[in-house]
1. In the stretch 1-78, which helices (runs of 4 or more DSSP H) lie fully inside it and hold 2 or more residues that are in contact with a helix residue (DSSP H, G or I) (Cβ under 7 Å, 6 or more places away or on another chain) and modelled with pLDDT under 95?
2. Open to solvent by 50 Å² or more (accessible area, probe 1.4 Å), in contact (Cβ under 8 Å) with a residue 24 or more places away in the chain and of a type in the set (Ser, Thr, Tyr), is that true of residue 137?
3. Regarding residue 171, is this residue loosely packed, with under 14 Cβ neighbours inside 10 Å, of a type in the set (A, V, I, L, M) and out of contact with any Pro (no Cβ under 9 Å at 6 or more places or on another chain)?
4. May I ask you to list the residues in the stretch 82-122 that are within 22 Å of residue 52 (Cα to Cα) and among the hydrophobic types (A, V, I, L, M, F, W, C)?
5. Counting only residues that are in a helix (DSSP H, G or I) and more than 17 Å from residue 91 (Cα to Cα), which one in the stretch 124-148 is nearest to the chain's Cα centre (by Cα)?
6. Could you list, ordered by first residue, the pairs with Cβ atoms under 9 Å in which the first is in the stretch 40-55 and without any contact (Cβ under 8 Å) to a residue 24 or more places away in the chain and basic (Lys, Arg) and the second is open to solvent by less than 40 Å² (accessible area, probe 1.4 Å) and part of a helix (DSSP H, G or I), at least 6 apart or interchain?
7. Is it the case that some residue within the stretch 125-133 is farther than 30 Å from residue 44 by Cβ and either among the acidic types (Asp, Glu) or surrounded by fewer than 17 Cβ atoms within 10 Å (Cβ to Cβ) (or both)?
8. Could you count how many residues in the stretch 154-177 are among the hydrophobic types (A, V, I, L, M, F, W, C) and touching a residue at least 24 places away in the same chain (Cβ under 8 Å)?
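The values are calculated or read from the model by the stated rules, or taken from the named source; none is laboratory data. Given the structure is predicted, the values throughout are model-derived calculations rather than measurements. No Cβ is skipped: glycine too gets one built from the backbone with ideal geometry, and neighbour counts run over all protein chains shown. Just so you know, the surface numbers come from the protein's heavy atoms only, side chains and all, with ligands and any DNA or RNA stripped out. Shrake-Rupley method; radii C 1.70, N 1.55, O 1.52, S 1.80 Å.
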Amino acid sequence: MAANSFFKMCLPTDRIFYTLFESVADTVHKMGNTLQEMVYEADEDKRASILAQIENMEHKNDDMTHNIFTELGRNFITPFDREDIHALASALDDVADYVHGSANRMYLYNLTTVTEPMKKLADLIHLGCKDIHKGISELRDLKNIRNVTDSCVRINSMENQADYVFDMAVADLFKNETNAIELFKNKEVLNALERATDKCEDVANVMETIIVKNA
């Protein structure tokens, strides 16, 4: 704790935010990777272990998000607009929450089969989290605005693909699933996964706002 406090004192106050955001983005990236691992894991016990990893990362992310809000109230100097710092922290936290929520529902609902659309949505979340990590890492000096923009474009494209996958999967469920309980469970998991992609897009929207204001 003391070492961490000393490290923070040595940083210019506006640079603390970059360090915190990069740490959050790194955790979100890892959560996307781990969710993808979970949906492709057939063994139920191993899935439970992977879920525990996601839960630990989500708790870590909550702590870091809280630190961002604490620093926002403590520091007068910020690297970009205070409302954008708040919006970016909230959007990143939402991604982590929905990744965790998706994994949790898959486990608690005891799905007998993780469907191909679920795997596809997890693949897209993985890509979205990867581009969030890339985009956030470029915000520190804004020398490579094109890289941030490219990440945002890819995230927006990912979310459009996720909408299509979700719509087709739900249509197929209503057409072919005769067990009401299984239909409900599958739709709830699909919905949580699709919402995670929406939250990735929210992060992209905030990053675009930041680069427009600071370019």
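1. Working: elements: 2-10, 13-39, 44-74.
Passing ranges, in order: 13-39, 44-74.
2. Yes: the conditions hold for residue 137.
3. Here the answer is yes, as residue 171 does meet what is asked.
4. Listed by number, the residues that qualify are 92, 95, 96, 99, 103, 106, 108, 111, 114, 118, 121, 122.
5. Checked the stretch 124-148; the qualifying residue nearest to the chain's Cα centre (by Cα) is 124.
6. That search, which allows pairs on different chains as well, returns 46/38.
7. Yes, the conditions are met somewhere in the stretch 125-133.
8. Restricting attention to the stretch 154-177, the residues satisfying the condition of being among the hydrophobic types (A, V, I, L, M, F, W, C) are 155, 158, 162, 165-166, 168-171, 173-174.
From what's left, touching a residue at least 24 places away in the same chain (Cβ under 8 Å): 155, 158, 162, 165-166, 168-169.
Number of matching residues: 7.
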